[in-house]
Amino acid sequence: MPTFADIIIDLNPKSLDKTFQYLVPDELIELVSPGTQVMVPFGQRSVKGIVVSLSDSPKIEEEKIKSITEVPKRAKKIMGDLMILSAWMKEYYACTLNQALRTCLPVKEKTKRRKEIEPPKEAEAIEVKGEETILTDAQKKALDTFLSDYDAGIRKPFLLYGVTGSGKTEVYIKMIEHVISEGKQAIVLIPEISLTYQTLRRFYARLQDKVAVIHSKLSKGQRSDYFEKAEKGEVSVMIGPRSAVFTPFPDTGLIIIDEEQETSYKSEIVPKYHAREVAQKRAEITGAALVFGSATPSLEVYEGVRRGKNTLLSLPNRVNDRAMARTVVVDMRAELSRGNMSMLSKELSDALSDTLQKKEQAMLFLNRRGLMGFISCRSCGHVIKCPHCDVSLTLHKDKRLHCHYCGHSEDNVDKCPKCGSKYIGSFKPGTEKVEAFLRKKYENARILRMDHDTTREKDSYEKLLSAFAKGEADILIGTQMIVKGHDFPNVTLMGILAADLSLNALDFRSAERTFDLITQAAGRSGRGEKEGKVIIQTYRPDSYAVTTAAAQDYEAFEKEEAAFRRLMSYPPFAHMLLLQFIGNKREKLLPAAEAAYSLIKESDPGLFLMQPRDAGISKIDDEYRMAVTAKDGDRLRLEKAASLISAAILTEKVFSGITVFFDFDPVRGF
């Protein structure tokens, strides 16, 4: 009896987002099963495809069915759970099945291997504790709770909520050791290698050759090679950013998402998935345990605790009973009124001098998030906001201020409407400017700068961090890449410059981002035996994001932020759908966006829908962008709207030449 295969063709057009049936030749029967990559004739050419299912019944006349021509020697087979995950992603993120499969299944390419991060040596300057420590009471309680539920087969997700320096990594490792002792495997998601270099080396020190690491500098072929190792059982732990969630382990027992609140877990290319959601779905499919970890949990995960969906594991104190750093908030408006036009307050300037004199180290964090055309007053700290939404207005090329949430617009200003000061405008500091200022002010200080420009070369992260750890520099200046995951015992001062900049980001999550950045930055100081100090410079000292971060009080922040989100029907209390229209001719975008708006409005009149508008950044690489935003408490309504437009794209001429992306619950400004 002949065998037929339903195959998804490896081409992008939505019109091909369906299966095509092919005959499986007798000589290939043993090689073909669901998930197998094959070569098939398609039109006048041979193309790749993926087998979705097998059957013994032809869907059309058997003589019209073509045969599979080849199973490539290096063909990769997508595993059953990833096939199910792909089908879910297709529906959940409004993408094609082919796009979902391509995301789950890295392309196989022959490439030259890059050097991996090796296990730490004894002489390593960055302290890495390879030996097992004695757990604190809080760590032991958290671990015992996890082990009890895990061994009982309870698979409710966990939130490991611990202050900076509380020892979350040690608890992760204990969890992993238990899971792999039972012959299962573990996936550990981290925001990016550069943010967690020391943490990564601790995993290597404890788990040795059981660990493999993927990162953004690997090619698709190299990543595929690592995944092949995982599938063959040559490694038991895969560590990496969001794509590591697709590791084809044969028996995944645990998925950990460290720093789960990080925006880098959301993909900005199709399918626009969130690794946190995908990990939860994969854990459900495979029966794996899921652990979220953070010192500043996202409201989405913490709300899961409130609703009883997630189990809270708490680490409220630092290990060895070390005190949190002493925090001082400096009002830069007062500094300005005293005639101090410098980027450093007197408090921070004096503290830096004292730190240098004591031969201790300091870190200066420049908060550059939120630099997208917002207008603020340096005299009083006032920011021009939308009268209808709690977000800053954005200055566009038309010299008007626009709100990207409700469409409100108004004229730009040349003086502060609150205090009348002429010191109002955009504020765009840079790390190079800070470095130049410090070198002039502290001539004998040894200074390192860590930002995008200084970390372009291979191994640049490791070289900079290693040099600072060895004491080869007194001050480390950097953007957000210096505030998380680093542990330098001799750092006793953290200065946070422009702490409130991220409050002005074009995003309703701006307060959450600000709280996260300040809290994490403050956590870098005083991690050794010496007392730490944190100085937060801000023009908005009364903002609850600043005050609660200074107090290291997540619960107080979450209470305020949740009330705002609930009132405004923002996630996690509602869902959003962003339709992005992209094309090289702006005059064609508006009709397409208006057509989509009308189709959705006619189909679901009660759905909150915002009129078409220019995107936050309206032109990138000579392509124009427009957007339509929908919002509702029921995600299914938004999925139906996306399906409606997805179908219309194939039939309506107005969408010809226009690319349309669907982004559910976007995490960056739009």
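Tabulated data for the structure shown
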read-out	value
Net dipole in debye of region 273-381 [+1 Lys, Arg Cβ; -1 Asp, Glu Cβ; about Cα centre; nearest 20]	140 debye
Linear extension gain, GLU61 paired with GLU177, 0.36 nm per residue minus alpha-carbon span	36.2 nm
Estimated distance in nm for a label pair at LYS559 and ASP398, the labels positioned 7 Å out from Cα along Cα-to-Cβ	4.3 nm
Summed side-chain charge close to LEU315 - residues other than LEU315 whose Cβ falls under 12 Å, Lys, Arg +1, Asp, Glu -1	+2
Rounded to the nearest 10 Å², the accessible area of SER543 at probe 1.4 Å	20 Å²
Rounded to the nearest 20 debye, dipole of region 529-670 from Cβ charges on Lys, Arg, Asp, Glu	380 debye
Over the chain, volume per residue of the alpha carbon convex hull, in Å³	172 Å³
Antiparallel DSSP beta bridges within the chain, percent to nearest 5	50 percent
Positive-pole candidate from VAL171, LEU160, LEU609, dipole of the chain, charges at beta carbon	LEU609
Backbone HN-Hα couplings from phi across region 138-144 [Karplus 6.51/-1.76/1.60, Hz, Gly and Pro as x]	5, 5, 5, 5, 4, 5, 4
Residue-by-residue Karplus 3J(HN,Hα) for region 168-183, coefficients 6.51, -1.76, 1.60, Hz, glycine and proline x	5, 4, 4, 5, 4, 4, 4, 4, 4, 4, 5, 5, 6, 5, 9, x
Qualifying trypsin sites (Lys or Arg not before Pro) in region 137-243, DSSP loop, other Cβ atoms within 10 Å at most 11	LYS217
For the chain, calculated [θ]222 nm from helices alone, where every DSSP H run of n ≥ 4 adds -39500 (n - 2.57)	-9500 deg cm²/dmol
Dipole moment magnitude, nearest 20 debye, region 422-549 about Cα centre, only Lys, Arg, Asp, Glu C-beta charged	280 debye
LYS346/ALA323 FRET efficiency (R0 25 Å; Cβ-Cβ; nearest 0.05)	0.50
Long-range HN-HN contacts of THR311 with modeled amide H, under 5 Å	PHE158, LEU159
Förster-model FRET efficiency, 22 Å R0, ALA647 and SER598, C-beta, rounded to 0.05	0.90
Residues of the chain: accessible area per residue with a 1.4 Å probe, Å²	44 Å²
Protection-proxy order for peptides 596-607, 287-298, each taking the mean of Cβ atoms within 10 Å per residue, highest first	287-298, 596-607
For VAL213, distant residues with modelled amide H under 5 Å away	ILE239
Of LEU54, LEU590, ALA549, farthest towards positive along the dipole that unit charges on Lys, Arg, Asp, Glu beta carbons give the chain	LEU590
Too-long pairs where the Cα-Cα distance tops 26 Å, listed order kept, from LYS59/LYS232; LYS358/LYS470; LYS66/LYS640; LYS141/LYS530	LYS59/LYS232; LYS66/LYS640; LYS141/LYS530
Percent carbon-and-sulfur accessible area, the chain, ignoring ligands, DNA and RNA, probe 1.4 Å	49 percent
Positive-pole candidate from ILE285, LEU501, PHE227, dipole of the chain, charges at beta carbon	LEU501
Total formal charge among the other residues, if their Cβ is under 13 angstrom from that of LEU290, Lys/Arg +1 and Asp/Glu -1	+1
Placed amide H near THR3: partners under 5 Å, 5+ positions off or other chain	VAL24
Gain on full stretching of the segment that runs from ARG456 to SER337 - 0.36 nm per residue minus C-alpha separation	38.8 nm
Binned Cα-Cα distance frequencies in region 252-379 - 10 Å width, integer %	9, 24, 25, 23, 15, 4, 0
Derived scalar couplings ³J(HN,Hα) [region 642-650; Karplus, 6.51 cos²θ - 1.76 cosθ + 1.60; whole Hz; x for Gly, Pro]	5, 5, 4, 5, 4, 6, 5, 4, 7
Pair ARG566, GLU70: separation of 7 Å Cα→Cβ label points (nm)	6.1 nm
With DNA, RNA and ligands ignored, accessible area of HIS382 (1.4 Å probe; Å², nearest 10)	60 Å²
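The values are calculated or read from the model by the stated rules, or taken from the named source; none is laboratory data. All of these numbers come straight from a predicted model, not from anything done at the bench. Quick reminder, even Gly has a Cβ in these numbers, built from the backbone with ideal geometry, and neighbours come from all protein chains shown. Ligands, DNA and RNA are excluded from the accessible area calculation, which covers all protein heavy atoms including side chains. Shrake-Rupley method; radii C 1.70, N 1.55, O 1.52, S 1.80 Å.
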